[in-house]
Amino acid sequence: MPLSELVKKWWGMNFDIAAEEMRRLAKEPTEDEKLQLYGLYKQSIHGDIPPEDDYPKPTDEWEIRKYNAWLSQKGKKEQQSKAQYVKLAENMIKKYERAIVRSRWNSEVWTVDY
């Protein structure tokens, strides 16, 4: 597969692969996209955000936005939020592509740069 096609490969992802791939985008997503990913990720892993008694609302602006992103996913089932996360990740890979480098140990193998 040519490198130009590999950077756009997005099919066949599960939640774990999608979460890892979001760290390897070639370009920076918007803040809103990051927050949407964050909210879906937290809902997928932890479920509904704890009540404010157990998880006080933060005071920093970015932390408040993250809190609200997670809160906006409240009530979604684990599988539903994971499926939405994967779909969003697929769209972001198409939009921003992946950071790919040639592997040092085998010039025939392309790998994602960590």
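The values are calculated or read from the model by the stated rules, or taken from the named source; none is laboratory data. Bear in mind the structure is a predicted one, so any value in this text is a computation, not a measurement. Positions of Cβ are backbone-derived with ideal geometry, glycine not excepted, and every protein chain shown enters the neighbour counts.
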For this session: Considering each of K27, K57, K42 in turn, give the residue that is part of a loop (DSSP other than H, G, I, E, B) and in contact (Cβ under 8 Å) with a residue 24 or more places away in the chain.
Result: K27
For this session: Within region 54-78, track down each residue that is closer than 11 Å to L35 by Cα and of a type in the set (F, W, Y).
Result: W62, Y67, W70
Exercise. Is region 84-94 home to any residue that is farther than 11 Å from Y41 by Cβ, at pLDDT 95 or above and acidic (D, E)?
Worked result: no
For this session: State whether the residues of region 51-73 include one that is at pLDDT 85 or above, exposed (fewer than 11 other Cβ atoms within 10 Å of the Cβ) and more than 23 Å from R23 (Cβ to Cβ).
Result: yes
